[in-house]
Amino acid sequence: MSPTGPLTDDGLVQLLTPAGERVAHPEYDAWAADLTPDRLRAMYRDMVLTRRFDTEATSLQRQGELALYAQCLGQEAAQTGSGHALAPQDHVFPSYREHGVAQARGLEMTDLLRLFRGVDHGGWDPADHNFHLFTLVIGSHTLHATGYAMGVQRDGLVGTGDPTRDTAVVTYFGDGATAQGDVSEALVFASVNQAPVVLFCQNNQWAISEPTTKQARVPLADRAPGFGIPSVRVDGNDVVATYAVTRQALERARSGGGPTFVEAFTYRMGAHTTSDDPTRYRPREQEEHWRRRDPVDRLRRHLQATGELPEVFQAELAGEADAFGEHIRTTVRGMGRPSSESMFAHVYATPHSVVDAERAWFTEYEQSYAQHDGTEAGGHR
């Protein structure tokens with residue numbers, strides 16, 4: 001690792017060491033001061049359940065129940081910590097692996113898998129939890145988030161002093177997305193408009209098989225000041241530090257202070273997606289190095305060291321995780337098959353002549369099979 005390169009750990013905000021020891025920080029201690037043992041246990045619960053979700057979904061894909069799945073294994077602290085910093089009125093624009101943020105926001109987690117099973121365009125109503133749909137086009141949603149934040153600003157929902165009304169937007173993207181033009185454009189618009197948006201980069205060090213060292217010569221967070229946006233690098237495997245850093249950034253956005261770029265330095269322990277084989281490009285020694293820095297283990301060690309992880313809580317959580325796993329398996333296997341015509345729904349907000357013509361052609365195409373073999377439309381193999 002280069003001491004000045006994109007993989008340096010110099011300057012990372014850290015409040016929990018890998019051993020779970022709480023360390024002081026002159027700026028961010030105050031932003032984590034409200035994390036009571038109950039709230040830390042709530043974070044631990046969400047991290048454990050997110051990992052169980054990841055395990056179950058990966059298994060379901062291997063069994064042919066999902067077409068594809070994008071794991072978040074190893075990134076639970078970055079997602080849970082930032083997710084717990086959000087206010088109810090804040091809006092989240094995720095990429096496609098923010099399962100931990102969804103868990104923190106209270107989504108029905110099996111709805112996330114409707115997309116990966118191919119039975120729905122999205123799977124949930126973004127308005128229910130202010131958690132927008134997964135975006136598969138790398139980096140494009142950073143522009144959506146910035147535009148939404150500009151709308152929030154123009155609606156007078158920033159800097160009012162009312163903590164139940166002031167609103168921030170956060171968008172999540174990976175290190176690979178920073179090489180996309182859309183992210184640079186989002187930084188431009190966020191900066192010049194002082195948009196209330198937090199640009200949260202989960203630097204998991206791999207853009208599929210390309211390491212961060214082939215994407216940048218300096219830490220990714222160093223790009224933001226060139227656009228006039230303050231930035232911070234945080235230990236993304238430290239849920240407490242991630243919470244504190246994100247909480248500060250969100251408060252800056254809500255109060256009218258403008259955007260912040262957060263780089264959560266973490267590691268993707270699993271594959272990019274279930275179609276990827278990381279053993280072809282990642283050394284085992286590197287994986288072992290990061291396994292010793294596991295985010296779930298780190299918080300567990302801290303809670304145990306402080307006497308705040310009673311056995312009864314652990315037993316109840318284990319039972320909850322098992323029930324959660326069964327719920328995921330049963331629900332996914334019970335998802336019905338959508339009609340072929342449903343692919344034409346919700347493409348545009350209003351009727352569109354091209355979509356109408358394509359729907360009519362496809363309906364006629366399906367009916368042609370029924371005329372030849374006596375099956376109902378859509379029943380051919």
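The values are calculated or read from the model by the stated rules, or taken from the named source; none is laboratory data. Keep in mind it's a predicted model, so treat the numbers as computed, not measured. Counting neighbours? That spans all protein chains shown, and the Cβs are built from the backbone with ideal geometry, glycine included. These area figures cover heavy atoms from the full protein model, side chains too; ligands, DNA and RNA do not enter into them. Shrake-Rupley method; radii C 1.70, N 1.55, O 1.52, S 1.80 Å.
Structure data summary
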quantity: Karplus-derived HN-Hα couplings along region 94-105 (A = 6.51, B = -1.76, C = 1.60, θ = phi - 60°), whole Hz, x at Gly and Pro; calculated: x, 8, 9, 10, 8, 5, x, 5, 4, 4, 5, 7
quantity: Accessible area (Å², per residue) of region 262-381, counting only protein heavy atoms and a probe of 1.4 Å; calculated: 63
quantity: Candidates per chymotrypsin sites (Phe, Trp or Tyr not before Pro) in region 223-283, loop by DSSP, up to 16 other Cβ within 10 Å; calculated: Tyr281
quantity: Per DSSP, loop chymotrypsin sites (Phe, Trp or Tyr not before Pro) in region 306-350 with at most 13 further Cβ within 10 Å; calculated: Tyr348
quantity: Sulfur and carbon atoms: percent of accessible area, region 266-305 [1.4 Å]; calculated: 42
quantity: Centre separation in Å (Cα based) which lies between region 274-345 and region 145-173; calculated: 31
